[in-house]
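Visitor: My structure is below; once you've seen it, I'll send some questions.
The values are calculated or read from the model by the stated rules, or taken from the named source; none is laboratory data. Not measured: the values here are computed from a predicted model. For neighbour counting, all protein chains shown are included, and Cβ atoms are generated from backbone atoms with ideal geometry for every residue, glycine included.
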Amino acid sequence: MGVSVLSRAFLAALLAGHAGLLELETASGQFGTVCGVNGVAAEVACRQLGYDYGVASPSSCAQYGGASVCGAAGSPVAAKNLKCSGSEMSVDECAFEIADDACLGHSSDAVVFCGMFDKPTFKNGALRLIGLDGAPALPREAGRLEMFWANAWAPVCKEGFSSGTAKVACQAMGFTSAAGFSGCDGALCGPVVVKAYAQQAEEMAQALSGLQQAAADTSTAIQEIESACGKRSQGA
């Protein structure tokens with residue numbers, strides 16, 4: 001079965017970048033997920049897509065970046081155990097197995113991260129949560145808030161941080177809100193801090209509140225004008 005590669009970016013701001021569920025196109029023209037890849041296969045796939053390197057995510061597709069990015073139930077699975085040696089120009093040349101029933105639940109769908117050497121994959125200001133093990137925090141798991149700035153990730157200082165800041169940060173990462181926040185402890189603490197974000201996020205929250213109030217005031221003013229015009233019309 002011949003295959004070609006297609007990557008779809010399913011991830012939001014939490015892990016913003018060139019990451020997503022890897023799909024292969026079969027000889028029949030259907031695209032399907034991949035039930036497991038080795039690290040070299042991620043490299044080959046990303047190079048085929050025009051990137052410099054690739055990494056296979058160690059996290060399950062069901063818990064990647066705070067949400068499930070697994071293939072939809074009933075959708076095709078193109079291959080199982082995609083394995084490359086490193087010399088391949090495309091995944092067509094790599095070894096794989098026919099997907100079996102165990103793959104049809106999509107819980108083993110492969111997620112890959114692709115990047116470039118000559119420029120940062122993440123944008124300045126991108127945020128992420130890091131758990132105790134140093135990997136991205138799992139859903140409903142607390143983590144150390146970090147910001148990407150000047151080609152590096154750095155923890156955000158608690159000084160000046162507030163519940164409003166936490167809410168804005170969590171919403172920027174794709175969550176609905178924040179359950180709370182506290183200072184780091186032990187393994188969650190980092191050596192470098194970003195202090196500016198706390199103030200900037202609080203200013204963003206205040207600005208948003210101001211815009212919402214301005215919108216409410218405008219709506220009230222419009223209603224008053226419409227009411228006044230209605231009275232004049234009736235008087236005429």
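Visitor: Output the residue which, of all residues in the range 65-107 that are polar (S, T, N, Q) and at pLDDT 90 or above, is farthest from Leu22 (Cα to Cα).
Guide: Ser85
Residue by residue, here is whether (1) surrounded by 18 or more Cβ atoms within 10 Å (Cβ to Cβ); (2) modelled with pLDDT of 85 or more; (3) not basic (Lys, Arg) holds:
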residue	(1), (2), (3)
Pro120	no, no, yes
Leu129	yes, no, yes
Pro136	yes, no, yes
Lys158	no, no, no
Ser162	no, yes, yes
Val168	yes, yes, yes
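Visitor: For the range 41-58, give me each residue that is in a helix (DSSP H, G or I) and within 19 Å of the chain's Cα centre (by Cα).
Guide: Ala42, Cys46
Visitor: Under the condition of being assigned to a loop (DSSP other than H, G, I, E, B), of a type outside the set (Phe, Trp, Tyr) and touching a residue at least 24 places away in the same chain (Cβ under 8 Å), which residue from the range 158-178 is nearest to Leu129 (Cα to Cα)? Show your work before the answer.
Guide: Filtering the range 158-178 down to residues assigned to a loop (DSSP other than H, G, I, E, B) leaves 158-162, 173-178.
After this cut, where a residue has to be of a type outside the set (Phe, Trp, Tyr) as well, the list is 158-160, 162, 173-174, 176-178.
Subset that is touching a residue at least 24 places away in the same chain (Cβ under 8 Å): 158-160, 162, 173-174.
Working: Lys158: 14, Glu159: 18, Gly160: 19, Ser162: 17, Met173: 9, Gly174: 12 Å.
Result: Met173.
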